[in-house]
Structures are given as C-alpha cells and as structure tokens.
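Report on the structure given below.
FYI, it's all coordinate maths here, none of it is from the lab. Values in this document were obtained by computation on a predicted structure and should not be read as measured data. Neighbour counts run over all protein chains shown; Cβ positions are idealised from the backbone, glycine included.
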Amino acid sequence: MSAHVPETLDVWRMVAGRRSLEGRVPLAAFRRLDGLLTDAQGDVGFAMQFDRDALQVPYVELTIDAALPLECQRSLQRFLFPVSMVQRLGLIRDEADEAALPPEMEALLVPEDGILRTLDLVEDELVLAVPAVPMNPELPAVELEAPPQQEELAKANPFAGLASLKKN
C-alpha cells in the first residue's frame, strides 16, 4: 500500500472535515480480485472526497483509474480492461436510511463504529467493474456459420428411415 494511504478511515470525521485522500496501490493488494484477473501486474489509482451535498446528505465521491488484466473469452489471451469511474456513495448508518438518498447516489452502509477499510471500498468497486464475460473490444466478434456436414444432414431427418420401409 502507498505510505500515505491510511488502512482505515473514520468516515464521520472525514465528512465533518470535508477531507480527501488519494493514492496508488498495486493490484496485488486486492485479494478478492485474485480469481478474476490473469495476473496482478499493475496499479490502481484512486481518490476519495468526503463531503455533504446540498441536502446535507453525507457522501464519499470515489474516483478509480486502473487497467485490469483479464482473459478475453474470444481469444483466451490477456488484455487490459480499462476502468475509469467516478461513483458517489451516500453514507448511511442504517438500511432504512437508504430511502432518503437522492436517486443518483448508491448507498454505503457504514459500520456502527464509523470505521471503513480504505482499500475494501476501492476493491468493492473494482469487483463490480469486472465484466461477467470479459471480451477484448479490439477483437472483432466471431460469427461462425459453418455449413452442415453430410452426417448432420442424414441425422437431421427423422423420417429418412421411413423412406426405406415404403420401398419394401
């Protein structure tokens, strides 16, 4: 982890002070991404800005920039999937508070003690950014239309056997 990125944050103190932080950490620091990535080469840059909106709703604005090494399901080759996102998360103490959030905000349930692990928040967003079926956008889509083989044509007609009975 970067030397200046704290491991944990007191969310409510960060909001009260309208604080921000930024950092760059290696992909290897994110354990939940292990099974999703082809390797852990690269870094993730992020920034967090804590504040309140016009309605006094506390939030954290999370900005993430990364290139995730994924395996293309078309070519089975490694490619870098660019992730560049800005996400505003409304900070809530209880699930019932989610209804009061503006529609453009996602909810982030803060633990009772107000402490969040910095990299867990970044990792959550990275896990959500990984596509279910990664495909390199630089490769053309494969449309395979193979003509049916003779064996398939013979098997395709279930009444072909009746033709021989009719002749007898």
- Obtain the nm distance between the two label points defined at Ser84 and Leu21 by a simple spin-label model: each point lies 7 Å from its Cα along the Cα-to-C-beta direction. 2.6 nm
- Note on the structure: Matching label for the computed Rg and Dmax of the Cα atoms in Å, out of [x] 15.4, 45; [y] 25.8, 95; [z] 17.5, 66, is [y]
- About the Cα centre of segment 1-82, how large is the charge dipole given +1 on each Lys and Arg Cβ and -1 on each Asp and Glu Cβ? Please answer in debye to the nearest 20. 60 debye
- Message: Taking loop as defined by DSSP and a crowding limit of 12 other beta carbons within 10 Å, which GluC sites (Glu not before Pro) in segment 57-141 fit?
- Response: Glu104, Glu112, Glu138
- Message: I'd like the orientation of helix 118-129 relative to the chain: the angle between its Cα long axis and the longest Cα principal axis, in ° from 0 to 90, rounded to 10.
- Response: 30 degrees
- Message: Starting from 0.36 nm per residue, how many nanometres of slack lie between Asp94 and His4 once their C-alpha separation is accounted for?
- Response: 29.3 nm
- Message: Check which residues have an amide H placed less than 5 Å from Gly42's amide H, if you skip close sequence neighbours.
- Response: Leu27
- By how many nm would the segment from Arg32 to Leu128 lengthen if fully extended, with 0.36 nm per residue of separation less the alpha-carbon distance? 33.4 nm
- Message: Please give the charge dipole size of the chain, origin at the Cα centre, charges +1 on K and R Cβ atoms and -1 on D and E Cβ atoms. Round to the nearest 20 debye.
- Response: 660 debye
